[in-house]
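**Student:** Shown below is the structure under consideration.
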Amino acid sequence: MGAALAFAATAVVPAPASAATITFTYEVRPMGSVGDLEAFASLAAETLDDDRGWSLGGSIRFERVASGGQFTLWLSAAWLVPTFGPPCDSTYSCSIGRNVIINDTRWNQATPSWNGSGGSLRDYRHMVVNHEVGHWLGFGHALCGGAGQQAPVMQQQSISLQGCTHNPWPLAWERQALASGRGVPILPGGPGPAVAALTNADGRIEVFAARSGPVSHRWQWGYQPGWSPWFGMGGARPRADAVDGGRNPDGRLEVFATAPDGALVHNYQWPVAGGWAGWFPLGSGVASAPTVGANADGRFEVFATGADGALVHTWQVAPNSGWSPTFALDGGIAHRPGLGTTADKRLVVFAVTGVGALRGRMQVAPNGGWSGPVEVGAGVTGQPAVGRNADGRMEVFAVGTDGRLRHAWQQPGGTWSGLFAVADSPTTRQAPAVTANADGRLEVFVTATDGRVYHAWQAAAAGGWSALFPLGGDAAAPPSVQVNADGRLEVFVLGRDGQVWHDWQRWAGGPWNGMVPLSA
């Protein structure tokens with residue numbers, strides 16, 4: 001934290017441009033009489049593994065080793081911190097050479113600057129690990145970018161916020177500087193929709209999950225409550241964040257996934273509401289889960305983030321038929337895209353860039369080509385969720401780099417409002433989900449860092465929003481929401497216990513039952 005480490009903020013030691021991933025090893029050691037070292041090591045590992053931080057979504061890994069690490073992460077008694085040499089002192093944490101030193105007093109108490117800003121002790125711990133490891137990675141100190149803005153993680157927030165708001169995570173430009181300097185991409189990262197819920201031609205919901213192996217599925221027996229057992233779908237082993245799909249014009253469900261080798265694969269029912277054909281390849285070089293939409297004529301169109309950061313898409317050449325090659329639609333994309341449909345059935349795709357900008361493109365006509373990009377807002381991360389208001393206006397939701405849920409909406413004339421925080425938003429790393437109630441009111445769902453699923457709803461169709469209220473659960477992934485044949489919303493989520501949990505409205509637009517395992 002000492003001022004003597006004020007190197008240029010982007011002075012990151014470069015790595016060969018061909019590097020796909022980098023692994024840094026580190027040891028954890030105590031210096032003097034300190035608190036629970038393993039609790040310290042656990043939270044530090046959580047910080048270094050977090051997709052919001054220096055891991056860049058997984059292209060950089062930090063691996064703890066017993067000895068011989070590239071750097072040592074110390075938890076040091078305050079009076080012993082100066083023994084590491086200048087610029088270290090007993091007041092703050094510091095980094096020097098291969099030593100990253102966290103001051104035990106600061107670890108337990110934070111600082112007046114941080115506490116006075118309303119920051120939590122847990123977030124301070126994330127910040128100080130990110131800050132000092134940032135020095136080891138080659139970053140110097142940064143300054144506040146302007147009053148009211150988020151502080152860069154390399155700002156000396158322990159000393160002064162300089163008018164900025166407290167922030168435990170590297171800003172988008174800091175992450176981009178690390179990616180460029182080390183020659184690695186910023187990957188989409190983060191758990192994705194390990195559960196996808198689709199609706200069969202007869203109105204029955206079918207749920208697909210990729211929990212720790214091949215995709216499996218189960219379905220409602222009928223309109224009455226009750227579910228089939230889980231059944232495997234065979235073939236490829238898609239990643240746990242890689243399931244999405246829809247229904248063909250002839251009524252057959254089709255599911256899309258990303259395989260571990262980056263192949264885009266699909267599987268489809270044959271016949272309608274029947275068995276499954278098996279997994280077949282559609283493309284390669286995909287880095288995110290796919291996002292699926294239907295054109296006005298019913299043809300599927302699938303979008304994903306390519307390994308090179310391109311927004312790629314492929315589409316059926318005719319309804320119920322074969323597929324085009326994969327084409328790039330945009331570049332600089334860092335997260336899985338989100339998809340919506342206008343009132344006249346034009347597809348609209350939204351994606352977040354590597355510098356945290358939310359960007360949208362729209363078909364110029366139903367089934368047609370694409371417009372140029374439109375910037376909706378900045379300071380967000382992850383996959384956006386897109387809904388359509390009862391009056392036809394689009395509304396898009398995304399998680400801010402501060403972990404808070406934000407949204408933007410079309411204004412008269414088609415311009416965008418800019419991104420605003422949703423009231424009382426809990427902290428989250430998960431992509432939101434949004435759908436419309438039977439009466440046209442949008443309802444949005446998000447999994448918070450405490451594992452509970454929260455939701456908010458419009459008080460009236462195309463109107464203002466409620467606060468976010470918890471539905472409950474102990475979730476490990478984003479929610480997936482679907483509409484029952486009788487208009488009731490039902491939300492599904494993968495729990496930390498590996499089970500799929502669900503909750504449903506007791507009647508269309510009404511109160512919720514409570515979160516229970518899908519097997520219940």
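The values are calculated or read from the model by the stated rules, or taken from the named source; none is laboratory data. Computed from a predicted structure; not experimentally measured. A quick note on method: Cβ atoms are made from the backbone with ideal geometry, for glycine too, and the neighbour counts reach across all protein chains shown. All accessible areas refer to the heavy atoms of the entire protein, side chains included, with ligands and DNA or RNA removed. Shrake-Rupley method; radii C 1.70, N 1.55, O 1.52, S 1.80 Å.
**Student:** How large, in percent, is the carbon and sulfur part of the accessible surface of the chain at a probe radius of 1.4 Å?
**Tutor:** Exposed carbon and sulfur together represent 55 percent of the surface.
**Student:** A further question follows. Suppose each label sits 7 Å from its Cα in the direction of the beta carbon; what would the Ala307-Ser67 distance come out to in nanometres?
**Tutor:** It is 3.8 nm.
**Student:** Would you work out if region 297-382 is rounded, prolate or oblate? Take a ≥ b ≥ c from the square roots of the eigenvalues of the alpha-carbon gyration tensor; rounded if a/c is under 1.5, else prolate when a/b is larger than b/c, oblate otherwise.
**Tutor:** Oblate.
**Student:** Below 13 angstrom from the Cβ of Arg52, what's the summed charge of the other residues (Lys, Arg +1; Asp, Glu -1)?
**Tutor:** -4
**Student:** What is the helix-to-structure angle for 37-49, meaning the angle in degrees between its Cα long axis and the longest Cα principal axis of the chain, kept from 0 to 90 and rounded to the nearest 10?
**Tutor:** That helix lies at roughly 50 degrees to the long axis.
**Student:** Now for a separate question. Beta carbons within 10 angstrom, averaged per residue: use that to sort the peptides 31-40, 81-90, highest first.
**Tutor:** Highest mean packing first, the order is 81-90, 31-40.
**Student:** Still on this structure, I have one more. Normalised by the number of residues in the chain, what is the relative contact order in percent for Cα pairs under 8 Å and 6+ residues apart?
**Tutor:** 9 percent
**Student:** What does the highest-first list of 198-207, 349-358 look like by mean Cβ count within 10 Å?
**Tutor:** 349-358, 198-207
**Student:** Sort region 32-76 into rounded, prolate or oblate with this rule: let a ≥ b ≥ c be the square roots of the eigenvalues of the Cα gyration tensor; rounded if a/c is under 1.5, and if a/c is not under 1.5, prolate when a/b is larger than b/c, oblate otherwise.
**Tutor:** Oblate.
**Student:** At a Förster distance of 25 Å, what's the computed FRET efficiency of Ser42 paired with Ile22, Cβ-Cβ distance as r, to 0.05?
**Tutor:** That gives a FRET efficiency of 0.65.
**Student:** Continuing with this model, one more query. Work out, step by step, the length gained on full extension between Ala328 and Ala343: first 0.36 nm times the residue separation, then minus their alpha carbon distance; give nm to one decimal.
**Tutor:** Separation in residues times 0.36 nm, less the Cα-Cα distance, equals 2.8 nm.
**Student:** Moving to a separate point now. Taking only DSSP H segments of four or more residues, each worth -39500 (n - 2.57), what value at 222 nm results for the chain once the sum is divided by all its residues, to the nearest 500 deg cm²/dmol?
**Tutor:** Calculated at 222 nm, the ellipticity per residue is -3000 deg cm²/dmol.
**Student:** Could I ask something else about it? Can you tell me which of 394-400, 169-175, 142-148 comes out highest on packing, and rank the rest after it, using the mean Cβ neighbours within 10 Å?
**Tutor:** 394-400, 169-175, 142-148
**Student:** Please work out the average accessible area per residue across the chain, using the 1.4 Å probe convention, and give it in Å².
**Tutor:** On a per-residue basis, the chain sits at 37 Å².
**Student:** Let me ask another. Starting from the Cα gyration tensor of region 406-520, take the square roots of the eigenvalues, sort them a ≥ b ≥ c, and report rounded, prolate or oblate (rounded when a/c is under 1.5, otherwise prolate if a/b is larger than b/c, else oblate).
**Tutor:** The shape class here is oblate.
**Student:** Turning to a different aspect of this structure: By how many degrees, between 0 and 90 and to the nearest 10, does the Cα long axis of helix 172-182 differ from the longest principal axis of the chain?
**Tutor:** Helix 172-182 and the main axis of the chain meet at about 80 degrees.
**Student:** Restricting to the chain, what percent of DSSP beta bridges are antiparallel, rounded to 5?
**Tutor:** Once the DSSP bridges in the chain are tallied, antiparallel ones form about 85 percent.
**Student:** Could I ask something else about it? Sort Tyr92, Tyr26 by accessible area with a 1.4 Å probe, largest first.
**Tutor:** Putting Tyr92, Tyr26 in descending order of accessible area: Tyr92, Tyr26.
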